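Have a look at the structure below, then the notes.
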Amino acid sequence: MMYRTANKLYLREYVEDFEALPQVDPNGDIMLAPQLDTGTLWQYSEHSTGNYFLRERMVTTIPPQAHPVSGYFRDERFYASSDYAMQPPPLNPPIQFPPIIVGESVLRNSQRLTVVSDGSMDPISGQAAFAWVITQQDRRGYIRRSKPIRTNPKYMSSFRSELEGVHDVISYLVTNHYTGRKIDLWCDNKWCIDALNTSGNSLDELGKAEGALLKATRHLLTEFVDITLHHIYGHQDDNNSYENLDFESQLNVDCDVEAKRQMKASSVSGRTEAEPGTGAMLYLGDDMVTSHMAEQIQYAGQAPKMFEYIRERFEWTDHQCCSVNWKGIGTAKKRLTRPVSNRTTQMMYGWLNVGHQKIKFDQDGTCPCCGQHEEDQLHLYRCENVLMRETLRQGIQDMERTLYKVGMASPVYLGFIDAICKIVQLPRKPYALHCSHTLRAIERQESLGSDAILRGFHHVEWAYTLQSTWIPPRRYDDGTMEKKRDPFELSTVLIGETWKLFEGQWKMRNTILHSPDSFLLASEMTQLDRRFVEYKRNKTQLLAYQDHYLIDIPEREFVKWERDKKKKLLRLLETCKAAFIRECEARTDRQSLITTFFRRIDPT
């Protein structure tokens, strides 16, 4: 099989498998021997004449932009049958429902129109869409339209989804010459309405992600003779029946339902054309860059290598890497101080300075708390030291209390805690009322490895479980809404509480490490005594004669010294040893060989 780019050609080498059983077709004829991939890739470079390729060297990978090509060999030269043509990524516009227009002539003759727009966004996947409706009081005529929003899902916000809907409906009104009528436009995002009602374009506003879209929308509003923007409370059907809502609230509910239907039907893969006013400057893959340009370019440059390292580190597949709640991890990391964030990163990727790492540097890897031979990160949670177990038990209780206070559904957080207790081997009576969503999240989490939940690599299924069990906030009689965390924020709390559990264990471990009861301290003191005895017994091979006075100390007296005093003396002995070795090597180099005194005798 051969592949080519603009000026390179790649050959994947195959050989016939003669050890395989002969394959016979239905007619009884013996077929060709099956081919085996040798794993060898040869790179060919195009000759200066440009009509054939010559073999250059072996490589390990084929560039992703290379495409298959056929041709023939002649005298160690390969002649390609076709030129290289890099095709741009095909456009894959998302599914979009057609607009519904009923009684347009009624709208044309109406002097006052009611316009309602609403946007919907999935905070976990980043998918978003909007829907709007143009009608009048008796609904004899109306225009309804919905559309998916395409930008980088990692940077999508609910404000942008609402603003996209307002911009689109205003553009429609201007294009179809509805600017001369009195229009009341309603939106359930107060921030969006306030931003559009504020005159002028401040530098701070235009520097935000939605600055270009906000500026384009304000420019369109100047085309209208009489348009008024109103704020309306969203999701009023959560507390009241649809029939009891006023006219504008019913339209808002209709738009919300349509926007969610459009959002679920659209896909986040494939490249689409940029919408006017979105401020799109470039594409990275299929993602349209509309904000955080520097951050997105940095991500595109560094993320592939990072994911390659993660796949190799944890032996994950591409599907497993994509199933981690990376967005929640990033949000939780931003809330940590720099020292805590650095230590958390070391814990997540197995870089902590525990015994397992120290053994790699020929150091003692004994657990300072229980004296286990090798201390790894999972042992931080399973250590049988009384203080470590009590700290773990208290950390689990604090986690349960916090998850209850933030309003998380009890079947979810109790199932989450049961999964952690099972891994850390902490006795706990399991919760018997796990819902099907929680059981599915636990099962998906186990696919990432036993300790992935402790590191903070939570499966995105936890976020969807929280979304499925989430109860919307209530609206009080005075019109205010109950303060409540959304499902994505709750998934971030889960990650943060897991890291708090680690911080408690790490702090207690280090407290024991530097206490007189540390097993590691006793082991280190024994090693220091052993090194001193080695110097004392082999002083003629390790130290110069003038340095022998440094070890004229009785062993029974050295054992009583403090650790720092012992280490200071041993560091001095190491320095003297290195100087003695250099001096011996220099003497050897300066000594003449006996062969230098030999004289050549002429046999004649």
Accessible area of Tyr84 in the full protein assembly, 1.4 Å probe (Å², nearest 10): 50 Å²
Counting only helical runs of four or more DSSP H residues, what would the 222 nm mean residue ellipticity of the chain come to if each run contributes -39,500 (n - 2.57) and the total is spread over all its residues? -13500 deg cm²/dmol
What whole number of Å gives the distance from the Cα centroid of the range 229-263 to the Cα centroid of the range 505-530? 64 Å
How far is helix 436-446 tilted, in degrees, relative to the longest principal axis of the Cα atoms in the chain, given as a value from 0 to 90 rounded to the nearest 10? 30 degrees
Karplus (6.51, -1.76, 1.60) ³J(HN,Hα), θ = phi - 60°, over the range 215-229, in Hz, Gly and Pro reported as x: 5, 5, 5, 4, 5, 5, 5, 5, 7, 8, 7, 8, 9, 10, 9
Considering only protein heavy atoms, what is the solvent-accessible area of Met347 at a probe of 1.4 Å, reported in Å² to the nearest 10? 10 Å²
Cross-link reach list, lysines versus Lys305, counting only Cα pairs under 19 Å and skipping chain neighbours closer than eight places: Lys154, Lys327
So for the chain, Kirkwood radius off the Cα pairs, Stokes-Einstein at 20 °C and 1.002 mPa s: how many µm² s⁻¹? 68 µm²/s
For the range 390-522, go through all pairs of different Cα atoms, get the mean of 1/r, take its inverse, and jot down that Kirkwood value in Å. 16.2 Å
Angle between the chain longest axis and helix 487-513 axis [Cα atoms, degrees, rounded to 10]: 20 degrees
May I ask you to list the chymotrypsin sites (Phe, Trp or Tyr not before Pro) in the range 459-488 that are in a DSSP loop and have at most 11 other Cβ atoms within 10 Å of their Cβ? Tyr476
For helix 386-405, what angle does its Cα long axis make with the longest principal axis of the chain, in degrees from 0 to 90 and rounded to 10? 10 degrees
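The values are calculated or read from the model by the stated rules, or taken from the named source; none is laboratory data. From a predicted model like this one, the values you see are computed outputs, not experimental measurements. Positions of Cβ are backbone-derived with ideal geometry, glycine not excepted, and every protein chain shown enters the neighbour counts. The protein model used for the area step is the full one, side chains on, heavy atoms only, and it has no ligands, DNA or RNA in it. Shrake-Rupley method; radii C 1.70, N 1.55, O 1.52, S 1.80 Å.
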